[in-house]
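What follows is a short report on a single structure.
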Amino acid sequence: MSKMNTITAKRLGYLTRRSREKIQDAVEDTIRGWQAVGRQQAEVVNEKEIRVLGLRRSGNHAVINWICKQLPENHVFINHSRIKENPYRNVYRDQLFLAQHGDLKGWRCENIEWWEEEARGHFSHKDCLVYSYEDQEIQRVAHPAFETRHNLYLGKSHERIDVIIIRDPFNLLASRLKGNKPREKARNFNLMQVYSHRLNLPELWIEYAKECLGETQHLQNNKIVIKYNDWFANAAYRQQIAGQLGLEFSDEGFNEVTRAGGIGSSFDGTGFNGQVAKMDVLRRWKQFADDPRFRALACTPTLIDYSRKLFGHSPALEPLIEDLQRSWVG
């Protein structure tokens, strides 16, 4: 069997399994919903709930790791949730699949019974639940279909916070182009694509910028915008964000480089773990300034306008922006 046929067969198997799971989920949700009718208001199981949205390579995992290090020990983090689905159930099934195939190094396999209980709605009390979405349209994350099942999936929360992490578009594009190179042969994974059928990567960034600026209001919980450029460069800004999140600021975790996506930083891997401040994350664009792929994505007036609205006239970005603007005139 050719490599193409092998990949196609794997993809077909995955889609078949997912279709079967969605039917099972719909039946289970309906039954659990009926059982919940008439019950008294559920007790609080999450003192704080933080839902995180961001585009991949925006520093999501660095910021989330930092948030979790400011939290009490009794917290749970769920990575890369699927829209309109039960995050606990997805983790349980993914880990069950890994365990059944002998991958005991898979994420949290050793706690699979705990995840099963949470997936079934037998929630344990938590000081904080953190769960994230990557590369998703904001209005789809906040879809009413999820909101109606929120307590069914996650339990009742005393406080709900929505965090949007946004990085300037030019360093974001550079990091995704750099991070995509070792993945170019992986047919089912492309860092230049997003989970949207109507928006490309620059367009989705603009949608995030509009939500951050309040031009759209898809997120109805307490919304906190974290501008990654400022978060990386300014300890006072990080302390301000911790205060908004209601956390006791220690800045623990800031100097850690997580192995997000299996590689850590697109440019440095985990080589600067413990020395994060030395990473040149605000000037990644320099390595791609003349790359036709980068310029085709970055040379958009609307993208520049929204970058300036969010990040101002940044000394680290102005040389590139001025160069892009000259290319329009030329």
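The values are calculated or read from the model by the stated rules, or taken from the named source; none is laboratory data. Only a predicted model underlies this, so the values are computations on that prediction, with no experimental measurement involved. Ligands, DNA and RNA are stripped out before the accessible areas are found, and what is left, the full protein with its side chains, is counted by its heavy atoms. Shrake-Rupley method; radii C 1.70, N 1.55, O 1.52, S 1.80 Å.
Worth a mention:
- In the context of the full set of protein chains, residues of the stretch 50-152 present 41 Å² of accessible surface per residue (probe radius 1.4 Å, heavy atoms only).
- With every protein chain in place, the stretch 113-260: carbon and sulfur % of accessible area (1.4 Å): 45 percent
- Inter-part distance where the stretch 122-181 and the stretch 62-94 are each reduced to a Cα centre, Å: 9 Å
- Carbon + sulfur, % of accessible area of the stretch 286-330 - ligands and nucleic acids excluded, 1.4 Å: 54 percent
- Pairs beyond 23 Å (Cα-Cα), from K126/K227; K69/K227; K48/K84; K227/K309; K69/K309: K126/K227; K69/K309
- 3J(HN,Hα) along the stretch 70-87, derived from phi through the Karplus expression 6.51 cos²θ - 1.76 cosθ + 1.60 where θ = phi - 60°, amounts to 8, 8, x, 5, 7, 9, 10, 10, 10, 8, 6, 5, 9, 5, 6, 10, 7, x Hz, with x in place of Gly and Pro.
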